[in-house]
Amino acid sequence: MSIEELQKEVARLQEENRLLQFAKTRAEEKLKDLLRRFFGPKSEKMDPAQLRLALESIQSDENLVEEEPPAPSVVETLPRNRQGGGRRPVPVNLPLVREVIDVPESERMGMEKIWEEVTEEIDYRPSQFIRRQIVRPVYASKSKDQAPVQAPAPKRVIPGSGVGAGLIAHVLVSRFCDHLPYYRLEQIAARQGVTIDRQKMSTWVEHAAVLLKTVYDQLRNAVLKSGYVQIDETPISVIDPERDGVTRKGWLWAYHAPTASALVFDFNLSRGQESPKSFFESQGAGVIQTDGYGVYPVVFGGRKDIEHAGCMAHARRMWVNANESGDAAAPAVLAEIQKLYRIEAEIRDASPQERSAVRESRSTLVMANLHRLCQQTLAQALPASATGRAASYMLDRWPQLELFTKPNMGHVLIDNNPVERGIRPTAIGRKNWLFLGHPTAGWRTAVIYSIIGSCKLAKVNPYEYLVWALQRLATATTADVGLVTPLDYLAVKEQR
C-alpha cells in the first residue's frame with residue numbers, strides 16, 4: 001500500500017472516530033437527561049461549587065465585569081427559627097358550635113358561676129346533602145269573589161331537575177377543581193344514603209356550562225382588552241367518535257391576562273394555528289408572551305398591533321440540561337440568568353413604571369452579558385450538542401426574550417410561568433378522569449376550567465362564586481344579566 005493510500009485511510013479513520021465520538025457525546029447527553037427526568041430532583045438548582053466557579057470566571061473576564069447589583073430585599077440565607085411556637089389560633093370566621101360540659105346540679109347547689117374556661121379546637125363535619133322544601137302558600141277569598149293567589153315559583157338553575165344550585169356547584173368544584181371522576185362522586189354520595197347517577201351529573205355539568213358561557217364570554221373580553229396575554233397549551237385525550245373505544249389527542253389552549261386576573265381556556269382538536277389565530281382574530285393588540293413553539297411566530301409575526309415576548313424560563317431549562325451534561329460554559333450563562341431573577345424578585349411588588357426603570361438601569365446590562373456569552377458559546381460548541389442547542393434557542397429568540405427590559409414594558413413578566421401554573425390543574429384532572437367522552441364536551445371543559453382558574457387568580461372561593469353566579473344567571477335575561485365574573489362577585493361581596 002502506498003503512502004498516499006495510507007494517508008487517505010488514516011484520514012478516513014480519523015473522520016470515522018470523530019463521528020463516533022460525536023454520537024457517543026449525544027448518547028451520553030440523552031442518557032443523563034433521561035436519568036434526570038426519572039430520578040433527579042424536581043428543582044433545577046445549580047450545584048453551589050459550579051455556581052461559585054462560574055461567578056469567579058465572570059469576574060476574571062474584563063469584558064464581562066460589571067458592578068454587582070445590591071443585595072436583594074429577599075433574604076437568601078437560611079430562614080430564622082420561628083420564635084414562640086405553639087398552635088395557631090382557631091379562625092374566627094368558622095361557624096361556632098358551643099358545647100357546655102357542666103358539673104351535676106347536685107354538686108353545685110348553693111353556688112354561683114364566677115367564670116368559665118373555654119377551650120377551642122378545629123373540628124370537621126362531612127359535607128351534607130340537605131332536603132330543601134320550597135313552600136308557596138295559596139290564599140283564597142272566603143267570599144270566593146277573587147281568584148286564589150300564590151307567590152310565583154322561583155326560577156331553577158336546571159328546570160325540572162330537582163337539584164339546587166349548591167349541589168350543582170359542588171359537582172363542578174369536585175370535578176374541575178378537586179379533579180374527582182363522576183364515579184367517585186357517586187360513591188361519596190352513596191355513603192350518605194343519596195343516589196346520584198353519574199349520567200345525571202354529566203347532564204348537570206352540561207346545563208351549567210350553557211349558563212356559564214355568559215361568564216366565559218366576559219372573561220374572554222377581559223383577556224382581549226387587557227393588552228398583555230400569556231399563552232400555553234396542553235394535551236387532553238378525547239374519545240374519537242369515528243373509532244369506537246379509541247382516544248385521540250385534543251388540546252386545551254390557555255390565555256392568561258396577568259393584569260386582569262383572568263384565565264380563559266379554548267378547546268381545539270389541533271395544536272396548529274386555529275386556536276390562537278381565531279382567539280385574536282378581531283382584537284388582541286398589545287403584548288403576547290409565549291414559549292418557543294413554532295406556531296406562535298407564524299400567527300403573530302405579521303401583525304403590527306402585537307409585540308411578541310419570549311419566556312426566559314424555557315430558555316433557562318435548556319441551559320440546565322446543558323449544565324447537567326457537564327458542559328463548562330453552562331454555569332456562567334445560568335449565573336447571568338440567576339441575576340435577572342434576583343432583580344425580578346426585588347421589584348415584584350413595584351409598579352410597572354418602577355420595574356421598567358430598574359430593568360433599564362440593571363437588567364439590560366445583564367442581558368448584554370448574557371447575549372455575549374451565548375455568542376461566544378455558539379462559536380465554540382457543536383450545533384447539535386446540548387450547549388449548541390441552548391445557545392441557538394436563545395439567540396434565535398433574542399428580540400422576544402429581551403422585550404421585558406424595553407421602555408414601557410414594566411407590566412410584562414420575565415417568563416411565562418404564571419400561565420403554566422394556571423394550566424397545571426388540567427394535567428391533574430386528566431390523570432384522574434383520563435379523557436373526555438366526546439369532542440363536544442371540550443367546550444364545556446374549557447368554560448368551567450376558565451371560571452375555576454379565574455376564581456383562583458381573584459382569590460375567590462369557587463364554590464361560593466358558582467352558587468352566586470348560577471342563581472343570578474338562572475333568573476336574569478341576556479339584557480340585564482350584567483357583569484358576573486369572579487372579580488365582579490368579589491366587588492359585590494365587599495359592598496355587603
Report yes if A169 is loosely packed, with under 15 Cβ neighbours inside 10 Å and of a type outside the set (F, W, Y), otherwise no.
no
Within segment 283-305, restricting to residues that are surrounded by fewer than 17 Cβ atoms within 10 Å (Cβ to Cβ) and within 16 Å of A257 (Cβ to Cβ), the one that is modelled with the lowest pLDDT is Q283
I'd like to check something: does segment 267-280 contain any residue that is part of a strand (DSSP E or B) and closer than 30 Å to V171 by Cα?
yes
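Let's see how each residue does on (1) surrounded by 19 or more Cβ atoms within 10 Å (Cβ to Cβ); (2) within 18 Å of P486 (Cβ to Cβ):
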{"site": "V138", "(1), (2)": "no, no"}
{"site": "A151", "(1), (2)": "no, no"}
{"site": "V173", "(1), (2)": "yes, yes"}
{"site": "S202", "(1), (2)": "no, no"}
{"site": "E206", "(1), (2)": "no, no"}
{"site": "K213", "(1), (2)": "no, yes"}
{"site": "D217", "(1), (2)": "no, yes"}
Does segment 380-400 contain at least one residue that is in contact with a Pro (Cβ under 7 Å, 6 or more places away or on another chain), part of a helix (DSSP H, G or I), among the basic types (K, R) and more than 21 Å from I231 (Cα to Cα)?
no
What number of residues within segment 70-95 satisfy the criterion of being of a type outside the set (D, E, K, R) and either at pLDDT 85 or above or within 30 Å of R342 (Cα to Cα) (or both)?
11
Please give the number of the condition K142 fails out of (1) part of a loop (DSSP other than H, G, I, E, B); (2) under 29 Å from the mean Cα position of the chain (by Cα); (3) without any contact (Cβ under 8 Å) to a residue 60 or more places away in the chain.
(2)
Quickly run through segment 389-427 and pick out the residues that are among the hydrophobic types (A, V, I, L, M, F, W, C) and under 20 Å from V333 (Cβ atoms).
A390, A391, M394, L395, W398, L401, L403, F404, I414
Subset of segment 438-493 that is farther than 29 Å from I239 by Cα and of a type in the set (S, T, N, Q) - its residue that is nearest to the chain's Cα centre (by Cα)
N461
Within segment 409-450, the residues that are touching a helix residue (DSSP H, G or I) at 6+ places or on another chain (Cβ under 7 Å), modelled with pLDDT of 80 or more, within 24 Å of S270 (Cβ to Cβ) and not in a loop (DSSP other than H, G, I, E, B) are G422, R444, V447, I448, Y449, S450
Expected output for segment 337-356 (first residue outside the structural domain of L370 (by TED's automatic domain parsing), partner of a type in the set (A, V, I, L, M) and assigned to a helix (DSSP H, G or I), Cβ below 8 Å, 6+ apart or cross-chain) is none
Pairing a residue in segment 373-396 that is not assigned by TED's automatic domain parsing to the domain that holds A332 with any residue that is of a type in the set (F, W, Y) and not in a loop (DSSP other than H, G, I, E, B), where Cβ atoms lie under 9 Å and the two sit 6 or more apart in sequence or on different chains, gives none
Tell me, yes or no, whether segment 290-311 has at least one residue that is farther than 20 Å from H371 by Cβ and either in contact with a Ser or Thr (Cβ under 7 Å, 6 or more places away or on another chain) or assigned by TED's automatic domain parsing to the domain that holds D396 (or both).
yes
Tell me which residues, restricted to segment 368-392, are surrounded by fewer than 21 Cβ atoms within 10 Å (Cβ to Cβ) and under 29 Å from the mean Cα position of the chain (by Cα).
R389, S392
Just checking, does segment 237-255 include any residue being within 21 Å of the chain's Cα centre (by Cα), at positive phi and either buried (at least 20 other Cβ atoms within 10 Å of the Cβ) or not hydroxyl-bearing (S, T, Y) (or both)?
no
Given the criteria under 30 Å from S361 (Cβ atoms) and in contact with a helix residue (DSSP H, G or I) (Cβ under 9 Å, 6 or more places away or on another chain), does Q400 qualify?
yes
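Residues checked against (1) within 19 Å of G310 (Cα to Cα); (2) among the hydroxyl-bearing types (S, T, Y); (3) touching a strand residue (DSSP E or B) at 6+ places or on another chain (Cβ under 8 Å):
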residue: A322; (1), (2), (3): no, no, no
residue: D327; (1), (2), (3): no, no, no
residue: Q338; (1), (2), (3): yes, no, no
residue: I343; (1), (2), (3): yes, no, no
residue: E346; (1), (2), (3): no, no, no
residue: S351; (1), (2), (3): no, yes, no
residue: A357; (1), (2), (3): no, no, no
residue: S361; (1), (2), (3): no, yes, no
residue: A368; (1), (2), (3): yes, no, no
When segment 459-496 is checked residue by residue, the ones that are surrounded by fewer than 19 Cβ atoms within 10 Å (Cβ to Cβ), in contact (Cβ under 8 Å) with a residue 40 or more places away in the chain and outside any helix (DSSP H, G or I) are T478, V481, L483
Could you grab me the full set of residues in segment 393-409 that are among the acidic types (D, E) and buried (at least 21 other Cβ atoms within 10 Å of the Cβ)?
none
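The values are calculated or read from the model by the stated rules, or taken from the named source; none is laboratory data. Here the structure is a predicted model, which is why all the values come from computation and not from measurement. Here the Cβ is made from the backbone with ideal geometry for all residues, glycine too, and neighbour counts use every protein chain on show.
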